[in-house]
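Undergrad: Handing you this structure, nothing more for now.
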4 protein chains.
Amino acid sequence: MLRALALNCTLKPSPAESSGDLMARQVLDALAPYDVEGEIVRVVDFDVKPGVEADMGDGDEWPGIRDKIMAAEILVFTTPTWMGHMSSVAQRVLERLDAELSATDDEGRPVLAGKVAVVAVLGNEDGAHAIIADTYQALGDVGFSIPSQGGVYWNGEAMHTTDYKDLPETPEKVASTTQTLARHAAHLAKVLRDQPYPAP
Amino acid sequence: MLRALALNCTLKPSPAESSGDLMARQVLDALAPYDVEGEIVRVVDFDVKPGVEADMGDGDEWPGIRDKIMAAEILVFTTPTWMGHMSSVAQRVLERLDAELSATDDEGRPVLAGKVAVVAVLGNEDGAHAIIADTYQALGDVGFSIPSQGGVYWNGEAMHTTDYKDLPETPEKVASTTQTLARHAAHLAKVLRDQPYPAP
Amino acid sequence: MLRALALNCTLKPSPAESSGDLMARQVLDALAPYDVEGEIVRVVDFDVKPGVEADMGDGDEWPGIRDKIMAAEILVFTTPTWMGHMSSVAQRVLERLDAELSATDDEGRPVLAGKVAVVAVLGNEDGAHAIIADTYQALGDVGFSIPSQGGVYWNGEAMHTTDYKDLPETPEKVASTTQTLARHAAHLAKVLRDQPYPAP
Amino acid sequence: MLRALALNCTLKPSPAESSGDLMARQVLDALAPYDVEGEIVRVVDFDVKPGVEADMGDGDEWPGIRDKIMAAEILVFTTPTWMGHMSSVAQRVLERLDAELSATDDEGRPVLAGKVAVVAVLGNEDGAHAIIADTYQALGDVGFSIPSQGGVYWNGEAMHTTDYKDLPETPEKVASTTQTLARHAAHLAKVLRDQPYPAP
């Protein structure tokens, strides 16, 4: 059994509906047949303090989220698109993961090495490629591995305002991309669990 | 007389020292001879709620910052570099400015048209060009004009950890770039105040 | 009278039809009522050598394009979207403009200061915000000024393959954005021609 | 035995010295102890036609480079930084790889799935994080997998002009990052060769 953690970096606190929840759920559902068990955390519901330490003290709720990341083999990083960029909540998560950049396990491996990250991006319009780029780089830097075709996204035509959650049905391209992503992510997580990166 | 507002988007609340304060101050000092009066606001000291409305209600302190932006002709957007990106605080500011994207004045002009934006980026290392890119695009989209060579930045050599505020002196290249930026920003703000963009 | 030069950075040599030509033409048409006369150059039709000098010698056809840029007050930088990025032809143009980064006129102003740049991006899908970002930054760095809302773009829904030139009609949002862009670009070019940035 | 292909996307044709050659060589040297045999190809020495097909005909020399990519398990994508972006030669390579985006093997897997990509970026100054981002995304989209900490880069302090090849010695941080990258890339390539991604 593998565990996946989906972080939904929407700006909207619960219980507002979120397109990110829908897409994160679809990714988790696609992972389930590969014996992956998952959970969604809506980051904005927690008080994640600004900073770049693993624990910023004083009411900081990041440590609880960090524990869930550490317990999972797969991270499903989910963010909306605002001004063509990932959300401030998503960037806040990356800043907090910056604390792990130089952290190593007992054998000298990056603490996040061996974990797999995939990215899901939602937007009314344009921005997903750039967000996938920025998140792959940041998640790769801190130690995650990125599977072949590990990104999925949906956005509408230029300057449109439709939400993913309001589409009459899931577009076929999104559904098939999600399937590929899940198949690749589960495989990569399994082989890296069974054959970890060697220590230096 | 023109007014400049410098937003320092550091992750560190006051009274911690901030390289952003130093560079924002240097930009304001360079603007002063052109009859520009300025102020620095450290955004993280305020409770800027997540969202994309001008007022998110319930303790939201963005409206006070927004008033200052509206009262100034020049915005000095200052951000640190984290994971190669602008800070989560900087992206939060852009998300809140998203509310102005379609807002127009009585004559149909974008409400922010006529204002000038410049960008100052600090980092231990690499990221400034990408951050200047992302901020120019977002600030331009909501209506700011960008002067010729309107960005200034400092970062150290790859994978280094020095802070701008700890340099023995201001690098000559940063100082001369700041002079050019200020000369251009003040000129552009003045001509656009005296000859506003025409209404549709 | 002002002059605009539209560089179409499509990968397809003439006489292939190009969505970039269509959008560049629409921008030039929108500029015409403001007494702006324009021309489109399809860069891929010329042998623009790799390098970062104003003249790379030996059959290099960049100098002819450079002359046209220098003779115009407005640059309409037009690029398709490939892999979410500007085209290799567009990046080649920016590399050649890099030669102007430190060039100054007799009075010490950047040689490109006073010129205005706008950006038009075409794509089957996602990428325009990031391309507008990267081009604003590069064009601003070398000396162009960017007017309020100086970008226009079209792309289809995520993972779709329609070309702009094959749409049954120009989307209303694209048409109105083009109008705003042209109104702002012409105004900014005129005021900067009449009141140039001051010399240092 | 595994094979690595390093593509050096410098703008300078042979026999000019290239910092990219130096860093690509260092990556190949770091891979060698893991039983990886490598080769460097300087792309600008070949006539790679603009376009997004696997073979653009008429003197196009991409097919020869493509064959080498297909024969290798590891791609070392090496690019200089110009205007904060990857080179036009690097983007040209990505455009040509776009042809593989939907290509699948006999069992329905992406043709590039199972191959591993790492990225090496050189620059006088700032840009590497953004280039690593853009290349990870594009290479991941077409099917490569990205190992944990699969990027290495060097650039000097902001607005400086030193070349990597002219440094008195290889910075320790670059050397240790190269070691990690090679250890991870070789491991990932081996496990994915031995246990390929499953077919749909």
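Undergrad: Say we look at region B:94-141 and pick out the residues that are part of a helix (DSSP H, G or I) and polar (S, T, N, Q); which of these is surrounded by the most Cβ atoms within 10 Å (Cβ to Cβ)?
TA: B:T135
Undergrad: Moving on to the next point. Is it true that C:I65 is within 25 Å of B:T177 (Cα to Cα) and part of a helix (DSSP H, G or I)?
TA: Spelling it out, it is not the case that C:I65 is within 25 Å of B:T177 (Cα to Cα) and part of a helix (DSSP H, G or I).
Undergrad: Would you call A:A16 surrounded by fewer than 24 Cβ atoms within 10 Å (Cβ to Cβ), aliphatic (A, V, I, L, M) and assigned to a helix (DSSP H, G or I)?
TA: For A:A16, the condition - surrounded by fewer than 24 Cβ atoms within 10 Å (Cβ to Cβ), aliphatic (A, V, I, L, M) and assigned to a helix (DSSP H, G or I) - is not met.
Undergrad: Pick from region A:110-144 the residues that are of a type in the set (G, A, S) and within 14 Å of chain C (Cβ to nearest Cβ): which of them is nearest to the chain's Cα centre (by Cα)?
TA: Among those residues, the one meeting the criterion is A:A120.
Undergrad: Return only the number of the condition from (1) crowded, with 20+ Cβ neighbours inside 10 Å; (2) modelled with pLDDT of 95 or more that C:D45 does not satisfy.
TA: With respect to (1) crowded, with 20+ Cβ neighbours inside 10 Å; (2) modelled with pLDDT of 95 or more, C:D45 is out only on (1).
Undergrad: Quick check: anything in region D:69-82 among the hydrophobic types (A, V, I, L, M, F, W, C), surrounded by fewer than 15 Cβ atoms within 10 Å (Cβ to Cβ) and touching a strand residue (DSSP E or B) at 6+ places or on another chain (Cβ under 8 Å)?
TA: Yes, region D:69-82 contains at least one residue that is among the hydrophobic types (A, V, I, L, M, F, W, C), surrounded by fewer than 15 Cβ atoms within 10 Å (Cβ to Cβ) and touching a strand residue (DSSP E or B) at 6+ places or on another chain (Cβ under 8 Å).
Undergrad: Moving on to the next point. Going through D:L101, D:L75, D:L94 one at a time, which residue ends up being over 16 Å from D:A24 (Cα atoms) and at pLDDT 95 or above?
TA: The unique qualifying residue is D:L94.
Undergrad: How many of the residues making up region C:2-20 are farther than 17 Å from C:A117 by Cα and in contact (Cβ under 8 Å) with a residue 24 or more places away in the chain?
TA: Of the residues in that region, 8 qualify.
Undergrad: Could you please find all residues in region A:164-176 being in a helix (DSSP H, G or I), within 23 Å of D:A113 (Cβ to Cβ) and in contact with a Phe, Trp or Tyr (Cβ under 8 Å, 6 or more places away or on another chain)?
TA: Matches in region A:164-176: A:V174 only.
Undergrad: I've got another one for you. Report the residue count in region A:45-84 for those that are closer than 19 Å to B:M86 by Cα and either away from chain C (no Cβ under 14 Å) or of a type outside the set (A, V, I, L, M) (or both).
TA: 13
Undergrad: If I ask for residues that are away from chain A (no Cβ under 14 Å) and of a type in the set (V, I, T), which ones from region B:1-44 would you list?
TA: Scanning region B:1-44 gives B:V27, B:V36, B:I40, B:V41.
Undergrad: Here is a follow-up. Taking into account only those residues within region B:19-42 that are of a type in the set (D, E, K, R) and buried (at least 18 other Cβ atoms within 10 Å of the Cβ), which is nearest to B:V93 (Cα to Cα)?
TA: Step by step, filter region B:19-42, then rank; the result is B:R42.
Undergrad: Which residues, taken from region C:155-173, are out of contact with any Leu (no Cβ under 6 Å at 6 or more places or on another chain), under 14 Å from A:D126 (Cβ atoms) and of a type outside the set (D, E, K, R)?
TA: Once the filter is applied, which keeps residues that are out of contact with any Leu (no Cβ under 6 Å at 6 or more places or on another chain), under 14 Å from A:D126 (Cβ atoms) and of a type outside the set (D, E, K, R), region C:155-173 yields C:N155, C:G156, C:A158, C:M159, C:H160, C:P171.
Undergrad: Same structure, new question: Evaluate the following for B:T170: is it surrounded by fewer than 24 Cβ atoms within 10 Å (Cβ to Cβ) and under 23 Å from B:A32 (Cα atoms)?
TA: yes
Undergrad: Right, here's the next one. For region C:145-172, give me the residue count where each residue is at the interface with chain B (Cβ under 7 Å from one of its Cβ atoms) and of a type in the set (S, T, N, Q).
TA: 3
Undergrad: Would you mind stating whether B:A175 is under 18 Å from the mean Cα position of the chain (by Cα), surrounded by fewer than 15 Cβ atoms within 10 Å (Cβ to Cβ) and more than 8 Å from every other protein chain (Cβ to nearest Cβ)?
TA: yes
Undergrad: Could you count how many residues in region A:69-93 are part of a strand (DSSP E or B) and over 26 Å from C:W154 (Cα atoms)?
TA: Selection size over region A:69-93: 4.
The values are calculated or read from the model by the stated rules, or taken from the named source; none is laboratory data. This is a predicted model, so every value here is computed, not measured. Neighbour counts run over all protein chains shown; Cβ positions are idealised from the backbone, glycine included.
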